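Chemist: For reference, the structure I am asking about is given below.
Every number in this text was worked out from the coordinates using simple rules, so none of it is lab data. Remember, predicted model here, so these are calculated numbers, not experimental data. All Cβ positions, even for glycine, are placed from backbone atoms using ideal geometry, and neighbour counts span all protein chains on display.
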Amino acid sequence: MKNPNNSWMTAAPAAHGRGRPCVITRRATFSASHRYWLPELSADDNRARFGPCSLAPGHGHNYELIVAMGGPLDADGMVLNLSEVKHAIRHEVTGQLDFRFLNEAWPEFDLERPEGMLPTTEALCLAIWRRLAPHLPVMGLRLYEQPDLWADVLDDSMEAFLSIRTHFAAAHRLARPELSPEENDAIYGKCARPHGHGHNYLLDVTVRGRIDPRTGMVCDLAALQQLVADLVVEPFDHTFLNKDVAHFATTVPTAENIALHIADLLSGPIAATGAALHKVRLQESPNNAAEVFAESPQLGMAPQALEALAVG
Ligand SMILES: [Zn+2]
Ligand SMILES: [Zn+2]
């Protein structure tokens, strides 16, 4: 009879995946108000810097939080028991913030204290990280202030990613001028038809930067939105890209090439705001998108965390 402790018998896969790593995500929502107003600035300076966000008594958002957590499976086949995850998020975050005025809900946002920060999307995402990390194996957090504005935090440092979404409509034709119609048809199919066709493009621009310890911002959001509007949306919207945007007279305007050109247009001007252009994501249709990572060399971040957040 064989010894049941022989290694060949214990080498079988552990039951229920025990010990194997996995990333899980949990979504939670809360509604809260805030106001951007720094007591050390004059009323005029507050209005000039923060625009309508400076108006009293504040305004609100329906926030959506995505928490990515990683670790090995336990004997029950879970990274964590979801009821414990739900409890931790409710106890540490949503139960304290839902229907509250953020400036007063947490001391992090008490601007009478010198270490107080404005409750921007990225500052709130970082504060949530710091409150959740002691309780959950957090790998990444995404916080949507609204569907077209969100922040990602991947560690406890002051670094954050801020993303804005906008859109434009444009026509294009995919064909290389040096090729015959038959050759273009063989490569690009219907997209090579001579009079073009159009898309409603969705454009996500992600910047990376350090959160300012007082303004809570990685960059001036209004300035970032203005750059994207002036350099991309205004010149691209309602155009025939091949004819109306000089770059595409000689470069085939595939989604990939449009995303690359947008990254080239935005990199320098965004760097001047103090943040770095991290990613351009151009969604051409519900079925295809192109992503350009503008920073080089590659960051040493955990891409699996960002991937997990993206499906939230
Ligand atoms: Zn707001
Ligand atoms: Zn197309």
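Chemist: Residue-wise, which Karplus ³J(HN,Hα) couplings in Hz belong to the stretch 180-194, taking 6.51 cos²θ - 1.76 cosθ + 1.60, θ = phi - 60°, and x for glycine or proline?
Modeler: 6, x, 5, 5, 5, 4, 5, 8, 9, x, 4, 5, 8, 4, x
Chemist: Moving on. Under a plain spin-label model, where a point goes 7 Å from the Cα along Cα-to-Cβ, how far apart in nm are GLU178 and ARG193?
Modeler: 2.8 nm
Chemist: Moving on. Average the reciprocal distances over every distinct pair of alpha-carbons in the stretch 15-155, invert the result, and give the Kirkwood radius in Å. The partial results should precede the final answer.
Modeler: Working: mean 1/r = 0.0613 Å⁻¹.
Taking the inverse mean of 1/r over all distinct Cα pairs, the stretch 15-155 comes out at 16.3 Å.
Chemist: Under Stokes-Einstein, with the Kirkwood radius over Cα pairs standing in for Rh, what whole-number D in µm²/s applies to the chain at 10 °C and 1.306 mPa s?
Modeler: Working: Rh = 22.2 Å.
Taking Rh from Cα pairs, D becomes 72 µm²/s.
Chemist: Can you give the helix-only mean residue ellipticity at 222 nm for the chain, where every DSSP H stretch with n ≥ 4 adds -39500 (n - 2.57) and the sum goes over all residues, rounded to the nearest 500 deg cm²/dmol?
Modeler: Rounded to the nearest 500, it is -7000 deg cm²/dmol.
Chemist: Now, a different point. Can you give me the Cα centroid spacing of the stretch 152-195 and the stretch 23-86 in angstrom?
Modeler: The stretch 152-195 and the stretch 23-86 have Cα centres separated by 32 Å.
Chemist: Bin by bin, in steps of 10 Å, what percent of the Cα pairs in the stretch 109-190 do you find, going until the bin that has the longest distance?
Modeler: P(r) for the stretch 109-190, in whole percents per bin: 15, 28, 17, 11, 15, 10, 3.
Chemist: On to the next question. Please express the shape of the stretch 157-298 as an equivalent ellipsoid: the semi-axes are the square roots of 5 times the eigenvalues of the C-alpha gyration tensor, given largest first in whole angstrom.
Modeler: After scaling each eigenvalue by five and taking roots: 33, 14, 12 Å.
Chemist: Additional query: Loop-only GluC sites (Glu not before Pro) in the stretch 159-209, please: DSSP not H, G, I, E or B, and at most 15 other Cβ atoms within 10 Å. Working shown, then result.
Modeler: On the way: sites: GLU159, GLU178, GLU182, GLU183; in loops: GLU178.
Passing sites in the stretch 159-209 are GLU178.
Chemist: Given the alpha-carbon gyration tensor of the stretch 154-199, what are the semi-axes of its equivalent ellipsoid in whole angstrom, ordered largest first, with each equal to the square root of 5 times an eigenvalue?
Modeler: So the equivalent ellipsoid measures 40, 14, 8 Å along its semi-axes.
Chemist: Quick one: 3J(HN,Hα) in Hz for the stretch 221-231, Karplus 6.51/-1.76/1.60 with θ = phi - 60°, rounded, Gly and Pro as x.
Modeler: Once θ is set to phi - 60°, the couplings for the stretch 221-231 become 4, 4, 5, 4, 4, 5, 4, 5, 5, 6, 8 Hz.
Chemist: Starting from the 7 Å offset along Cα-to-Cβ, what nm value, one decimal, do you get for the label separation of ALA169 and ALA15?
Modeler: 6.0 nm
Chemist: Test of understanding: what is the full-extension gain from HIS238 to ALA223, defined as 0.36 nm times their sequence separation minus their Cα-Cα distance?
Modeler: Full extension of this stretch gives 3.1 nm more.
Chemist: Could you tell me which GluC sites (Glu not before Pro) in the stretch 49-143 are loop residues by DSSP with no more than 16 other beta carbons within 10 angstrom of their beta carbon?
Modeler: GLU112, GLU115
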